[in-house]
Amino acid sequence: MGGDDDGAPVGRGGSVVTAEQVWDALAEIPDPEIPVISLVDLGVIRSVDVSREQVRVEFTPTFLGCPALEVMRDAMAARISALGADPQIDVISDDSWSTDRITPEGREKLRASGFAPPLPRCAWERFSGRPDEPRALLGGGASAASAPREVGGPTLVQLQSNAFRCPYCGSQDTTLENIFGPTPCRSVRYCRNCRQPFEQFKTI
């Protein structure tokens, strides 16, 4: 995941900055919109390369035009600088982010905080029969290159009450309240069993 430590930058106190240190530092940065999960758990960090001159980090935002992009980039640069290394933060836009990149630990953190984690893409395709469907639900947040050819009808998995599990009681007896939640990647659902509303991450 990172470059060799031989020839790596030297941090404060003369110690060598390692890729493991950088990953640990990045794992302490909360997502600006959902602070219960870190950028590492969110899966937006693609790679860490430790070279003689600097530490290079590649990351892919959850969607192009993400308003928190600069906040995330500045936070990563600050953490690497605090290690005593020179940061280079590169935004990778030729490979779109997917909710499948959220780590298992990240999914558990979301669930424990009252967010329903997104379905894996394989589950989405099983329910909807359409591998390109998820990005339709991002509305204007998706890039033109990733937009689906057409929007499906009422068979959308987002509308199916048994496709999602309530993060509070575990019931699958849920209903869609609003397909557009606080951010483009979330919708609002309601659990008929425990009568609690909750935010559901859309599968992307």
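Please treat every number below as a calculation from the coordinates, not as lab data. The structure displayed is predicted, hence computed values, not measured ones.
So how compact is segment 12-91: Cα radius of gyration and Dmax in angstrom?
Expressed in Å, the Cα Rg and Dmax of segment 12-91 come to 12.2, 39.
If each residue of separation counts as 0.36 nm, what is the full-extension length gain between residue 70 and residue 192 once their alpha-carbon separation is subtracted? Kindly include the intermediate steps, with their values, before the conclusion.
Working: separation 122, 0.36 × 122 = 43.92 nm, distance 3.93 nm.
Using 0.36 nm per residue and subtracting the Cα-Cα distance, I get 40.0 nm.
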